[in-house]
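A short write-up of the structure that comes next.
What follows draws every value from the coordinates through simple rules; no lab data is involved. Since we're looking at a predicted model, the values are computed, not measured. Here Cβ is always computed from backbone atoms with ideal geometry, including for glycine, and neighbour counts include all displayed protein chains.
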Amino acid sequence: MKHEYDKARARLLAEIRQNARETEMWTGREAFSDRVMAAMEKTPRHEFVMTEDTPYAYINRPRAIGFGQTISQPYIVALMSDLLDLSPTDRVLEIGAGSGYQAAVLAELCARVFTLEVVDDLAKSAARKLEALGYANVQVRHGDGFAGWPNEAPFDAIMVTAAPQRMPQKLIEQLKPGGRMVVPIGRPHDTQSLCLCKKDENGRTTVENLLPVAFVPMVNMTTR
Ligand code: SAH
């Protein structure tokens, strides 16, 4: 951990704590777990932003990562990680590897992370970065998130970091009974609703709409 970022990181953690309190009426959580906050503290966001953006890496904002894509706002990364209630033994699927930052946060919270990215160049750079930083429990693959990752399914939890217009059915199928999925659902280039989908032990799913968010669209691989 680079000393030069300590102060900015401490300020960011304080802001995330404050954002959590301010959004409790939507999320039902006034604070995130110690495990999630520790993962946020440990994960070097400055390694995942573009080189010229490293001075701003710990500002609580999304940032461009090229190819029209963004690395999510740290508060949203913490919130979505917290909503999955992960155990150290869990296997998690992420859709939209992007920079690889969210996968790195998840890697601190569970046993294995599988992350799909539709932009080949981003998949390659995220994989290289995560490997160089020593995240041995993350696998990145270039592929279509709508299809999920059937060979590794079912998953204890799924996090979708691009916005589909409706609930992706194949992902629900790849969720274990008792599993949880967070996904922003809504029209492209509009505000979406962050949804928490829970599958019960009988395989029945319920969906809660938590709060308005803004994500890049989840695109079909064939039409991009
Ligand atoms: N989790 C990322 C941020 C993701 S931005 C991070 O921490 O940096 C959303 C990402 O989803 C983009 O990189 C975009 O290319 C990708 N994406 C969009 N549609 C997709 C699809 N159908 N399958 C997989 N990835 C997709």
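Kindly count the pairs of lysines across the chain whose alpha carbons are less than 27 Å apart, treating pairs on different chains or eight or more residues apart as eligible.
12
What spacing in nm lies between the two simple spin-label points modelled at Asp34 and Thr206, each 7 Å away from Cα in the Cβ direction?
Distance between the two pseudo-spin positions: 2.9 nm.
Return the Rg/Rh value of the range 4-76, two decimal places, where both radii are evaluated on C-alpha atoms and Rh is the Kirkwood radius.
Looking at the range 4-76, the ratio lands at 0.99.
Let me have the 222 nm mean residue ellipticity of the chain computed from DSSP H runs of 4+ only, each contributing -39500 (n - 2.57), with the sum over all residues rounded to the nearest 500.
Calculated from helices alone, the mean residue ellipticity at 222 nm is -8500 deg cm²/dmol.
Just need the Rg to Rh number for the range 1-133, please, alpha carbons only, Kirkwood Rh.
With Rh from the inverse mean 1/r over Cα pairs, Rg/Rh is 0.94.
Which GluC sites (Glu not before Pro) from the range 136-224 combine a DSSP loop assignment with at most 14 other Cβ atoms within 10 Å?
For GluC sites (Glu not before Pro) across the range 136-224 that sit outside H, G, I, E and B with at most 14 neighbouring Cβ atoms in 10 Å, the list reads Glu201.
Taking θ as phi - 60°, what are the ³J(HN,Hα) couplings along the range 32-46 by the Karplus curve (6.51, -1.76, 1.60), each to the nearest whole Hz, with x for Gly and Pro?
Couplings: 8, 5, 4, 5, 5, 5, 5, 5, 5, 6, 7, 6, x, 4, 5 Hz.
Does anything in the range 173-211 have its amide N under 17 Å from the 7 Å Cα→Cβ label point of Gln165, and if so which residues?
Inside the label zone: 184-193.
Counting other C-beta atoms within 10 Å, which of Trp149, Trp26 has the fewest, and how do the rest follow?
By the 10 Å Cβ count, ascending, the order reads Trp26, Trp149.
How do the peptides 185-192, 96-103 rank, highest first, by the average count of neighbouring beta carbon atoms within 10 Å per residue?
Put in order of decreasing packing, that is 96-103, 185-192.
Run through the DSSP bridge list for the range 2-213 and note the antiparallel percent, rounded to the nearest 5.
Just about 50 percent of them are antiparallel.
Mind putting a number on the dipole of the range 2-213 about its Cα centre? Charges go on the C-beta only, +1 for Lys and Arg and -1 for Asp and Glu, and I need it in Debye to the nearest 20.
Result for the range 2-213 is approximately 20 debye, rounded to the nearest 20.
Long-range amide H contacts for Ala163: which residues qualify at under 5 Å (H placed 1.01 Å from N, peptide plane, sequence gap of 5 or more or a different chain)?
Placed amide hydrogens put Val216, Met218 under 5 Å from Ala163.
What's the exposure ranking of Asp82, Asp53, going from fewest to most Cβ atoms within 10 Å?
Listed from fewest to most nearby Cβ atoms, that is Asp53, Asp82.
Viscosity 0.692 mPa s, temperature 37 °C: give me the Stokes-Einstein translational D for the range 94-224 in µm²/s, with Rh taken as the Kirkwood radius over C-alpha pairs.
The Stokes-Einstein estimate is 220 µm²/s.
Test of understanding: ordering Glu47, Glu108 by Cβ neighbours within 10 Å, fewest first, what list do you get?
So the ranking, lowest neighbour count to highest, is Glu47, Glu108.
Please report the orientation-averaged projected area of the chain, defined via the convex hull of its C-alpha atoms, in nm².
For the chain, the mean projected area of the Cα convex hull comes to 11.4 nm².
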